[in-house]
């Protein structure tokens, strides 16, 4: 599972320090696709080294700077080592781009081909589906089919899940349930415009060695 780290209050801090979530969009992410001629999400630039970074408070630590300094333009192209990103096959790039900027406070590094949105300490890369290519012969890409069986999902960690939940709902996010206390953490799930499952979680008991009860029908512990 790809994990992101997000703060709880103004998740747009790194990109727009003076603008809150509720001020950045006059409609839900679903309306953004019909507003392609006025893409407000691409006017922002990523944090430079030394700026306030998403997920930090006060001056950035050496680790924060290192995580965000690999490329001054914000593109995930490390000078050394590796960076982990998440690729999503989407049906409508503009709609998905708006979702990940509005709901998660990301900013657009590249609009399309592929679309790259930096979210906190990671990147979401999006492109339409397609058939096999020379480097992945026999493999086609397509958005998930509507079903309840999931093998992987985004796992977004927040400092205050109640605040994030309310802000995201105001932006049009659709949650499966309200946040639920699972002993190890408080968590809830949402789906993006292509039905990708996204977990939102706030660590609680797990920080003290308290773990969640396993789900019904499982054979082992599951956080």
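The values are calculated or read from the model by the stated rules, or taken from the named source; none is laboratory data. Keep in mind that this is a model prediction, so the values were computed, not measured. Ideal geometry is used to build each Cβ from the backbone, glycine not excepted, and the neighbour counts take in all protein chains shown.
Would you check if residue 135 is closer than 22 Å to residue 78 by Cβ, free of Cβ contacts under 8 Å to residues at least 24 places away in the same chain and out of contact with any strand residue (DSSP E or B) (no Cβ under 7 Å at 6 or more places or on another chain)? Yes: the conditions hold for residue 135. As a summary of the residue check, residue 124 satisfies the conditions (1) modelled with pLDDT of 90 or more; (2) farther than 21 Å from residue 173 by Cα; (3) crowded, with 17+ Cβ neighbours inside 10 Å except for the one numbered (2). Residue count for the stretch 173-210 under the criterion of being under 15 Å from the mean Cα position of the chain (by Cα) and not in a strand (DSSP E or B): the result is 6. For residue 217, the conditions (1) farther than 30 Å from residue 141 by Cα; (2) modelled with pLDDT of 95 or more all hold with the exception of (2). Suppose the filter is under 15 Å from residue 104 (Cβ atoms), outside any loop (DSSP other than H, G, I, E, B) and more than 14 Å from the chain's Cα centre (by Cα); does residue 166 pass it? For residue 166, the condition - under 15 Å from residue 104 (Cβ atoms), outside any loop (DSSP other than H, G, I, E, B) and more than 14 Å from the chain's Cα centre (by Cα) - is met.
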